[in-house]
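All remarks here apply to the structure that follows.
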Amino acid sequence: MFTHEKSKALKEEANKTILGGVNSPSRSYKAVGDGAPIVMDRAEGAYFYDVDGNRYIDYLGAYGPIITGHGHPRIHEAIAEQSSKGILYGTPTTLEIDFAKKIQEAIPSLERVRFVNSGTEAVMTTIRVARAYTGRNKIIKFEGCYHGHSDLVLVAAGSGPSQLGTPDSAGVPQGVAEDVITVPFNNIEDFKTAIDHFGDEIAAVLVEPIVGNFGIVEPFEGFLEEVNQVAHDNGSLVIYDEVITAFRFMYGGAQNLLNVEPDLTAMGKIIGGGTPIGAYGGRLDIMENVAPLGPAYQAGTMAGNPLSMAAGLACLEILEKPGVYDKLDHLGKMLEDGITELINKYEVKASINRLAGALTIYFTDKKVTDYNMAEESDGEIFSKFFNGLIHRGINIAPSKYEAWFITTEHTEDDIKETLSIVEEVFKNDL
Ligand code: PMP
């Protein structure tokens, strides 16, 4: 078992200056017995090394962006080369044009694109653009889906599909929450009820085409097509939040994989190759509403910054090589099959959702297809599982329905080592 003396001491130190000791609340987990998260020192390929010298196989992938492993030499070189030519210009660059072309070639619905700095910004702006285009205010979103921390998407469900939302965070005004209707994912009837009820008030429906935020949950056959049809018949736009899904399962978006096209798309994470990034885009006649061409304002000192453009281009060049996603799928299947065998052997009440190199283990025996089912995953068992893994060298997200992300740098040996640790945890800790 690992010891974490330095991590514990650093948590005390961090608390004195950084609010809560962390810069994002999900990092504040109770990994080392006294409420302190493990502090990492460096990351390399598929591994993390903490300040106490322990090594971990990493499946957190920084919550999604890291798909080519940590410190991939090609991305490292691209950043170093750009940095030698200047870090930030505040002017147009050829790099941003090249990168926009590359993304547009991969995801054809992006007739025009804009780069921003985070997934939050990208989603927030698509909503503004949809409101500007339709002249309407309300949006529909799906239960349990996280779309960043802007006011409008930090809203919880009302008690039914014809109810307005309630703020999910202090500081979000009730008036803002009243512009959001939340319905269950994979439930077309509730979606239609919401559209029927609010009709021409609905500017857009915001959807993760494959959910990544209560584990990996795929849409039922025909669900997204029907959402498109019903929304468009109502004069509402369809926005895909592909912040997690773009380039995760194939070279392109979930929209390519599922063969459905939204009007607008928000992206982030992987496309920055590990640097801060967001992007949004879509139909030309809608995007023309954005400044400088139209009345919807969006700007950014760091938007399209050369380091992110260079890192993003390098990352997509790695991902477009033949065989990359086959490898991720192969390792993902190996992990899924191995854990399934152990679930059966140790009679653990658990089920797995997987797509390519991303999977979620839910501690419920039901196949999870919506948020309520994901919520049924047993948090106490997850907590024992998480602690068992992290104290033996496996780093996953500290949430009972977050995905495990495999990178191009993981190997079959890493998966075998992971499976033997999962077996130890199932045998001794649950
Ligand atoms: N949308 C989705 C689907 C996300 O998963 C996230 C982040 N987890 C965001 C938006 C927000 O992105 P960021 O953290 O880069 O602001």
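The values are calculated or read from the model by the stated rules, or taken from the named source; none is laboratory data. Computed from a predicted structure; not experimentally measured. Virtual Cβ from ideal backbone geometry, glycine too; neighbours counted across all protein chains shown. Heads up: the accessible areas ignore ligands, DNA and RNA and are worked out on the full protein's heavy atoms, side chains in. Shrake-Rupley method; radii C 1.70, N 1.55, O 1.52, S 1.80 Å.
Shown for segment 218-269: the carbon plus sulfur share of the solvent-accessible area, taken with all protein chains present and a 1.4 angstrom probe, equals 45%. 3J(HN,Hα) couplings calculated from phi for segment 268-273 with the Karplus curve 6.51 cos²θ - 1.76 cosθ + 1.60 (θ = phi - 60°) are, in sequence order, x, 6, 3, 5, x, x Hz; Gly and Pro show x. The loop-placed GluC sites (Glu not before Pro) in segment 123-232, going by DSSP, that have at most 15 neighbouring Cβ atoms within 10 Å of their Cβ come out as GLU221. Extending 7 Å from the Cα toward the beta-carbon at both GLU81 and LYS367 defines two label points whose distance is 4.7 nm. The MET302 and LYS101 beta-carbon pair, evaluated with R₀ = 25 Å, returns a calculated FRET efficiency of approximately 0.75. The C-alpha atoms of the chain define a longest principal axis, and helix 73-84 lies at about 60 degrees to it.
In square angstrom, what is the accessible area per residue of the chain with a 1.4 angstrom probe?
Heavy-atom SASA per residue in the chain reads 42 Å².
Starting from the Cα gyration tensor of segment 73-319, take the square roots of the eigenvalues, sort them a ≥ b ≥ c, and report rounded, prolate or oblate (rounded when a/c is under 1.5, otherwise prolate if a/b is larger than b/c, else oblate). Cα axes put segment 73-319 in the prolate bin. Seen against the Cα atoms of the chain and their longest principal axis, helix 188-198 is set at about 40 degrees. Taking every C-alpha pair closer than 8 Å and separated by at least 6 residues, the mean separation divided by the residue count of segment 73-319 gives a relative contact order of 30 percent.
At most 10 other Cβ atoms within 10 Å and a DSSP loop assignment: could you name the chymotrypsin sites (Phe, Trp or Tyr not before Pro) in segment 138-218 that fit? Could the numbers behind the result be given before it?
Values: sites: PHE142, TYR146, PHE185, PHE191, PHE198, PHE214; in loops: TYR146, PHE185, PHE214.
Passing sites in segment 138-218 do not exist.
The string of couplings for segment 103-114 from the Karplus curve (6.51, -1.76, 1.60, θ = phi - 60°) is 5, 5, 4, 7, 10, x, 5, 7, 5, 9, 9, 9 Hz, one whole number per residue in order, with x for Gly and Pro.
Near the amide H of GLN298, within less than 5 Å, lie the amide hydrogens of ALA291, all on another chain or at least 5 residues away, with H placed in the peptide plane. The calculated 222 nm mean residue ellipticity attributable to helices in the chain amounts to -11500 deg cm²/dmol, summing -39500 (n - 2.57) over DSSP H runs of n ≥ 4 and dividing by all residues.
Its relative contact order, with pairs defined as Cα atoms under 8 Å and 6+ residues apart, puts the chain at 21 percent. Between LEU284 and GLU417, the contour length at 0.36 nm per residue exceeds the Cα-Cα span by 43.0 nm. Along the chain, counting only trypsin sites (Lys or Arg not before Pro) with a DSSP assignment other than H, G, I, E or B and at most 12 other Cβ atoms inside a 10 Å radius, the longest segment between sites is 86-365.
Multiplying the sequence separation of TYR49 and GLU320 by 0.36 nm and subtracting their Cα-Cα distance, what value in nm do you get? Show your work: numbers first, answer last.
Values: separation 271, 0.36 × 271 = 97.56 nm, distance 2.90 nm.
Gain on extension, TYR49 to GLU320, equals 94.7 nm.
Once you have a ≥ b ≥ c as the square roots of the Cα gyration tensor eigenvalues for segment 193-325, tell me rounded if a/c is under 1.5, and otherwise prolate or oblate according to whether a/b is larger than b/c. Working shown, then result.
Working: a/c = 2.38, a/b = 1.28, b/c = 1.86.
In terms of gyration-tensor shape, oblate.
Going by accessible surface with a 1.4 Å probe and the largest first, PHE2, PHE247 read PHE2, PHE247. To the nearest ten degrees, helix 306-319 and the longest principal axis of the Cα atoms of the chain are 70 degrees apart.
Under 1.5 on a/c is rounded, so check that first for segment 324-396, then, if it is not, pick prolate when a/b is larger than b/c and oblate when it is not; a ≥ b ≥ c are the square roots of the alpha carbon gyration tensor eigenvalues. It is oblate, given that a/c is not under 1.5 and a/b is not larger than b/c.
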